[in-house]
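See below for the structure under consideration.
What follows is calculated from the coordinates using simple rules that are stated; it is not laboratory data. This is a predicted model, so every value here is computed, not measured. As a convention, Cβ positions derive from the backbone with ideal geometry for all residues, glycine included, and neighbour counts pool all protein chains shown.
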Amino acid sequence: MTDEITVPKGLVNVIVDKTAIATTDNSGNLLYRGYRAVDLVEKKSFEDAAYLIVYGKLPGQREREEFIGKLRSNFGVDENAREVISILKEKDLMRSLRSIVSFYPYKHTEPDDLMIEMAAKFPEFISLSYRLAHGLESLKPIEGTYAERFYHLITGKSDPQKAKYLGILMILYMEHEFNASTFALRVTASTLADPISSFTTALATLKGPLHGGANAEILDFFKNFKSTDEAVKYVDEQVAKGEKVMGFGHRIYKRLDPRAQFVKAKLKEIAPDSRILQIAEAVENRMWEKKSVPANLDFYAAIYMDILGIPQDFYTPLFAASRVFGWVAHYKEQLADNRIIRPSSKYVGPFDLKL
């Protein structure tokens, strides 16, 4: 074929489309619609950041109130769906979330309203799945911000300060251009599949340990070490064997992941004397000395969530409940200028076999 284009495996450094939702600048800062994500964290609420991602601009007071009202109007879980979740008793929360999202009887059919309904229900889907699978009573949502409500649904506690710190992490997880789950969603959306099918695709992709599933494993990695010396020795052994160390490396961030450094700074505010944080810094420094590879967001996010009292089972689902607003924006953007995503492949099998 004369028009054939060969690209690197994994589409490394290949630009497949344009987007106005998120990018990284020349300094490595993650930008949401042109605003630095770390600035949004310091000055805006989770709801403000979600509105920006979904609608392309920061909300005014009336727009903020309407958006919060729209989210709250979609709180609650259908009783029939609750019964199905109770029967499933699926302890793998990502499998459960994927199933619920696909079968839930949503009240909206218009795509924009349907996607906001889905996003609003993620915290309850996640909490209900966990509690019913573990024989616990379901929790009733409390009034408050999205982060306060989610923190309560995870922990059963009302703690505005810890919920605020949770909201910080959720903003940083909200969007990251054409990551694996988002690209998978856009592939599905490009076929003109409905949002439910597209979000289910994204959730299935997010579950993988090379994407969202990584953060749930990193905490165990830290807890294996009794001292910083033991951790540093492990890094040396892994590097000598040519093996990877969990929480390091990123397709975008080659020198520094600003999100990881921001979360580390917040950790020092919350728990400056944390033993795990000291071990993490020792590992991070040694990896930089040995390989010049930076820690990524998941590296510190795992410690961050542990210190906030969030069980490991919730780590990847929490990622999903943050990223879902990015998925809303990408579904809309894909359909606004759509062409089915259908790459070609290079055949390397045999020809002309005889029977």
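Summary of values
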{"item": "Cβ-Cβ FRET estimate between SER344 and THR24, R0 fixed at 45 Å, reported to 0.05", "result": "0.95"}
{"item": "Global geometry of segment 40-171, whether rounded, prolate or oblate, following the gyration tensor of its Cα atoms and the 1.5 cut on a/c", "result": "oblate"}
{"item": "Relative contact order of segment 214-307, defined on C-alpha pairs under 8 angstrom at six or more residues apart (%)", "result": "47 percent"}
{"item": "Dipole magnitude of segment 214-307 about its Cα centre (Cβ charges: Lys, Arg +1; Asp, Glu -1), debye to nearest 20", "result": "340 debye"}
{"item": "Cα centre as origin, Lys/Arg/Asp/Glu Cβ charges: the chain dipole, Debye", "result": "460 debye"}
{"item": "Residue of ILE142, ILE21, ILE196 that the Gaussian network model of the chain assigns the largest fluctuation, springs spanning Cα pairs under 10 Å", "result": "ILE142"}
{"item": "Computed lengthening from LYS70 to LYS140, 0.36 nm per intervening residue step minus Cα-Cα distance", "result": "23.3 nm"}
{"item": "Cα gyration tensor category, rounded, prolate or oblate, for segment 214-307 with a/c compared to 1.5", "result": "oblate"}
{"item": "Listed residues GLU117, GLU47, GLU237, most fluctuating in the chain (Gaussian network, C-alpha, under 10 Å)", "result": "GLU237"}
{"item": "Stretch gain in nm, segment LYS9-LEU335, where the contour uses 0.36 nm per residue and the Cα spacing is subtracted", "result": "114.7 nm"}
{"item": "Packing-based exposure ordering (other Cβ within 10 Å, fewest first) of HIS134, HIS211, HIS108, HIS176", "result": "HIS134, HIS108, HIS211, HIS176"}
{"item": "FRET E, pair ASP17, GLU110, Förster distance 22 Å, beta-carbon r, rounded to 0.05", "result": "0.30"}
{"item": "Among SER345, SER127, SER322, residue whose mean-square fluctuation peaks in a GNM of the chain (springs only between Cα atoms under 10 Å)", "result": "SER345"}
{"item": "Å³ per residue enclosed by the Cα convex hull of segment 1-81", "result": "194 Å³"}
{"item": "Test item: Cα-centred dipole of segment 1-138, Lys/Arg +1 and Asp/Glu -1 on Cβ, debye", "result": "320 debye"}
{"item": "Gain in span if fully extended, GLU230 to VAL84, counting 0.36 nm per residue against the direct Cα distance", "result": "47.9 nm"}
{"item": "Mean-position separation - Cα centroids, segment 223-242 and segment 271-292, in angstrom", "result": "11 Å"}
{"item": "Peptides 8-17, 34-43, 201-210 ordered by average Cβ neighbours within 10 Å, highest first", "result": "201-210, 34-43, 8-17"}
{"item": "Overall form of the chain per C-alpha gyration tensor (a/c, 1.5; a/b vs b/c)", "result": "rounded"}
{"item": "Relative exposure of THR19, THR316, THR191, THR6, judged by other C-beta atoms within 10 Å (fewest first)", "result": "THR6, THR191, THR19, THR316"}
